[in-house]
Amino acid sequence: MTGISVTTVSIGVLLLLLVLVALTVYLFAARAVQERKMEKAKAYLSRNNERWYRVLRGMEDVSAEMVPKNKAELAAVEEIFRAYLTNVSGDKIRERIRAFADGHLAPFYRKKLKSRNWSERMNALYRIEDFGMESLLGDVHTLERKRLTADERFQLLLIDLQFRPDGFIGRNADRLGNLSEYEARQLFFLMPEPVFEEASAQFGQLDPILKYGMVEVLGMRQDLKKLPFLEGLLDSEDPEIRIRVLRAIDAFGIRTPDRILERAFDSPVWEERFLGARMLRRVPADEAARYASRLRDDPSWLVREEVRGLLARQREAAEDLAVLR
Amino acid sequence: MDLAIEWVMKFFGGVIFIYMAVVILAYSGMFLFAFLDLKRQRRLDRRELDDQFIDAFFSKPVSILVPAYNEEAGVVGSIHSLLNLNYPQTELLVIDDGSTDQTAEVVIRQFDMVPAEKPAESRLETKRVLDVYRSRIHPNLWLIKKENGGKGDALNVGINFARYPYFCTIDGDSILDGNSLLRVMKPIMTSGGKVVAAGGNVRIVNGMAVDHGVVSDIRLSGRPLVVMQVVEYLRAFLMGRIALSKLNMVLIISGAFSVFSKKFAFEAGGYNTETIGEDMEMVVKIQRLIKDKKMDARVEFVPDPVCWTEAPQSLAVLRRQRRRWHQGLLESLWRHRGMTLNPKYGTVGLLSFPYFWLVECIGPLIELGGYVYVIAAFFMGGIYYEYAVLLLLLFILYGTVFSIGSVLLESWSMNVFPKRRDILRMMALSLTEVVWYKPLTLFWRVEGLVRSMFRIRSWGDMERVGATKGMSE
């Protein structure tokens, strides 16, 4: 019995070690292939870097030699495009990249979209969005019918927003409900103005996560025309909305209207009083001191600390001013 | 007499075999989990994600807490690496826990610090804070000097002073890769706050070329003891934690690099200043809080972001470290023993706790017993000789095969060590693990177990060699 076990286990361990040896050989071979690929990419870059500069600046046309022939050269072209899109992007450069990608890179990404490997599909979706490849929209829609991960679904939404902004909200109503707040922010951040307007007109019907995302983006955009809209949201029963609205208004960087400050100070929610206290830094010193006295004995330590800091800074500023005079 | 010996040998042989079979099965399952997860993500262009999160509007600000006790050798490198992080909004709080060396003076001098005021909450009780300094070069860098109270107490001071809703803990002798914080924060940001704590992958910095707190060249240490620890970390982080994280069963994320929601940390009562393993204790308390309050929250391990930490280079220091870790583990498990096999705590209570009790806590005792058994069986000859061979094979399977497998898995999926020579060295040393490194660490862990039972709590200083300054070799 033990004899059989020893033999079995010995063979098992030996086999496993042999498998590991085989895997090591495979790994080293794969590395060698990878290194060759990197060398090819490097060679492509040194051959064509200057040319790409001239092509993307509109000083020269694309030559046949610049069209990638394999994955290594594709990786090199991706590097170049990424660098231009991140650092020196302009409408014309973007359009030239889009035209080249649609004309010459689509077959590569079409194949990747069909890959069983999740990261390959994700990379293809990223590139389609980055390079604005409209020619692959049909393939992207085919993908929509498959079982996808949340990351893929979100990337599809971004692509849909980029290429078919009209009717985006109505078309994707179901999908928008499943977004995380981070995704909602990103989506609203990238939304063209008309789509954003359409979404804000339906604010009441949006999921809370979408509402939060939209308010945050409004704060970031600092569009004063939206101030009345934001102020109207201070009537919301959801304290989280009110808090975010105050934060958004604060992000505008203007002196907050007194009526908004009053509402914040009277709130039973400490975060609202805290934000009200923070907004006092843009209010003239004597008025700020008057408001601050209302919050000096606030039950929240953070509110009291914010008021204390504000008064201290104002005192220091007054002393500095006195010295200067 | 012979009959009694035979019975004892059969009984212990049976126990050890069953234990080994369970452990090998569990590790195989976890290995498969890790393989599938890494395979899925292997080719992903992570720069796309990094680009998205680098914008302050999409990220969440983080307070980075660096508790430092007698870390004068590595603290400056550590701070440099943290100042180099690609992250839009951070504040860096170095908490000097009453160091007896020049830790505070070195930081004050190097970063041109002056006394300053910083508002702090007092929700967590701590030892007295002595002074607060702020850098004139980097206004987001603070030094808080306090009375000595241990790492947990220093971290609690940091939480009280932290301004932002999330805090990241980094050991004073550790350095981070540039995008590490961005990547460890990703699950927190994308989950909409459901991930309340996340830990990154910790690797050993000894032997690497380090320049101003940045690992500038990957080199494997020339010391076998360090290389064995490199392999051990790979195995623990890649195999164990990926699987446990997928099943929301994480009980340990390394204190060397982890991020927590401040709100949850406060609710959990902050770090425990009584226990040795304050990092594990914090995670267990948060898991307990989540289940007690039936919250939709989780703790995650993220394999990609890397924190480089200094490993002991001598047997004496390694022994103290392993003893201390094991004492910490046992204390936490014992303190929360009510969670074991308790259905109220879901997979954490029903699977995680039993796994940690059996494999991580009592396991070393059984495995060390296995070594004694092998030696005894060899001397007894006859049928026991075969038992010994069988057990030895299982040890090889358990130790060597999984270690080599982890080295290959890491190399295939992340390729941190690009030189083939380094991979072969790690594999070659893994082949010897069963005969020297494994029994030694088992013995030290059992020592920790015994010391815990006798409540012995002195463990001596952990001398630093300044590996984060590239001075270890």
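The values are calculated or read from the model by the stated rules, or taken from the named source; none is laboratory data. Predicted model only: the values in this text are computed from it and were never measured. Neighbour counts are summed over all protein chains in view; Cβ atoms, including those assigned to glycine, are modelled from backbone coordinates with ideal geometry.
What to note about this one:
- Candidates B:150, B:178, filtered to the one that is at positive phi, surrounded by fewer than 24 Cβ atoms within 10 Å (Cβ to Cβ) and in the same structural domain as residue B:106 (by TED's automatic domain parsing): B:150
- Screening residue B:363 on (1) within 14 Å of chain A (Cβ to nearest Cβ); (2) assigned to a helix (DSSP H, G or I); (3) surrounded by 17 or more Cβ atoms within 10 Å (Cβ to Cβ) shows it passes everything except condition (1).
- Enumerated helices (runs of 4 or more DSSP H) restricted to region A:207-256, each holding at least 2 residues that are touching a residue at least 12 places away in the same chain (Cβ under 8 Å), within 22 Å of residue B:191 (Cα to Cα) and not assigned by TED's automatic domain parsing to the domain that holds residue A:277: A:208-221, A:239-251
- Residue B:329 surrounded by 22 or more Cβ atoms within 10 Å (Cβ to Cβ) and assigned to a helix (DSSP H, G or I): yes
- Among (1) closer than 30 Å to residue B:52 by Cβ; (2) in a strand (DSSP E or B) - the single one residue B:86 does not satisfy: (2)
- Scope region B:287-308; condition surrounded by fewer than 22 Cβ atoms within 10 Å (Cβ to Cβ) and under 17 Å from residue B:332 (Cβ atoms); matching residues: B:288, B:289, B:291, B:292
- Spans of helices (runs of 4 or more DSSP H) in region A:117-195 with at least 1 residues farther than 27 Å from residue B:195 by Cβ and within 16 Å of the chain's Cα centre (by Cα): A:118-131, A:150-163
- Residues of region B:151-203 that turn out to be within 14 Å of another protein chain (Cβ to nearest Cβ) and either within 17 Å of the chain's Cα centre (by Cα) or in a strand (DSSP E or B) (or both), as a count: 2
Let's see how each residue does on (1) more than 14 Å from chain B (Cβ to nearest Cβ); (2) surrounded by fewer than 17 Cβ atoms within 10 Å (Cβ to Cβ); (3) β-branched (Val, Ile, Thr); (4) out of contact with any Gly (no Cβ under 9 Å at 6 or more places or on another chain):
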site: A:145; (1), (2), (3), (4): yes, yes, no, yes
site: A:150; (1), (2), (3), (4): no, yes, no, yes
site: A:155; (1), (2), (3), (4): no, no, no, yes
site: A:164; (1), (2), (3), (4): yes, yes, no, yes
site: A:167; (1), (2), (3), (4): yes, yes, no, yes
site: A:171; (1), (2), (3), (4): yes, yes, no, yes
site: A:178; (1), (2), (3), (4): no, yes, no, yes
site: A:185; (1), (2), (3), (4): no, no, no, no
site: A:192; (1), (2), (3), (4): yes, yes, no, yes
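- Hits in region B:135-161 (condition: out of contact with any Leu (no Cβ under 7 Å at 6 or more places or on another chain) and either under 20 Å from residue B:76 (Cβ atoms) or not polar (S, T, N, Q) (or both)): B:136, B:137, B:139, B:143, B:149, B:150, B:151, B:152, B:153, B:154, B:157
- Among the candidates A:285, A:312, A:322, A:251, the residue that is within 14 Å of chain B (Cβ to nearest Cβ), farther than 23 Å from residue A:220 by Cβ, out of contact with any Pro (no Cβ under 9 Å at 6 or more places or on another chain) and surrounded by fewer than 19 Cβ atoms within 10 Å (Cβ to Cβ) is uniquely A:312.
- Residue B:411 meets the conditions (1) within 9 Å of another protein chain (Cβ to nearest Cβ); (2) modelled with pLDDT under 85; (3) under 22 Å from the mean Cα position of the chain (by Cα) in every case but one. The failed one is (2).
- In the set (1) more than 14 Å from every other protein chain (Cβ to nearest Cβ); (2) buried (at least 16 other Cβ atoms within 10 Å of the Cβ); (3) not charged (D, E, K, R), residue A:46 fails one condition alone, (2).
- Taking region B:36-67 as the range and being buried (at least 18 other Cβ atoms within 10 Å of the Cβ) and touching a Leu at 6+ places or on another chain (Cβ under 9 Å) as the test, the residues that pass are B:38, B:49, B:53, B:59, B:62, B:63, B:64, B:65, B:66, B:67.
- If only residues of region B:13-24 that are buried (at least 17 other Cβ atoms within 10 Å of the Cβ) and at pLDDT 90 or above are counted, the one that is farthest from the chain's Cα centre (by Cα) is B:16.
- Number of the condition not met by residue B:49 [criteria: (1) closer than 30 Å to residue A:187 by Cβ; (2) more than 10 Å from chain A (Cβ to nearest Cβ); (3) in a helix (DSSP H, G or I)]: (2)
- Screening region B:114-144 for residues that are at pLDDT 95 or above and among the polar types (S, T, N, Q) and picking the one that is farthest from residue B:92 (Cα to Cα) gives B:126.
- In region A:6-32, the residues that are more than 19 Å from residue B:405 (Cβ to Cβ) and either surrounded by 16 or more Cβ atoms within 10 Å (Cβ to Cβ) or within 34 Å of the chain's Cα centre (by Cα) (or both): A:6
- Selection from region B:368-408 of residues that are facing another protein chain (nearest Cβ under 8 Å), among the hydrophobic types (A, V, I, L, M, F, W, C) and over 30 Å from residue A:24 (Cβ atoms): B:383
- Summed over region A:215-259, the residues that are among the small types (Gly, Ala, Ser) and touching a Leu at 6+ places or on another chain (Cβ under 7 Å) give a count of 1.
- So residue A:83, is it in a helix (DSSP H, G or I), modelled with pLDDT of 95 or more and more than 30 Å from residue B:393 (Cβ to Cβ): no
- Residue pairs meeting the criteria (Cβ under 7 Å; at least 6 apart or on separate chains; first farther than 17 Å from residue B:384 by Cβ and within 9 Å of chain B (Cβ to nearest Cβ), in region A:1-17; second part of a helix (DSSP H, G or I) and at pLDDT below 85): A:13/B:397; A:16/B:397
- Yes/no for residue A:227 being more than 11 Å from chain B (Cβ to nearest Cβ) and modelled with pLDDT under 95: yes
- Every residue from region B:87-114 that is β-branched (Val, Ile, Thr) and either buried (at least 16 other Cβ atoms within 10 Å of the Cβ) or closer than 23 Å to residue B:179 by Cα (or both): B:90, B:94, B:95, B:103, B:106, B:107, B:108
- Looking only at region A:43-80, and only at residues there that are over 17 Å from residue A:105 (Cα atoms) and among the small types (Gly, Ala, Ser), the one that is modelled with the lowest pLDDT: A:58
- Scanning region A:98-143 for residues that are within 14 Å of chain B (Cβ to nearest Cβ), of a type in the set (Asp, Glu) and within 16 Å of residue A:85 (Cβ to Cβ) turns up A:129, A:130.
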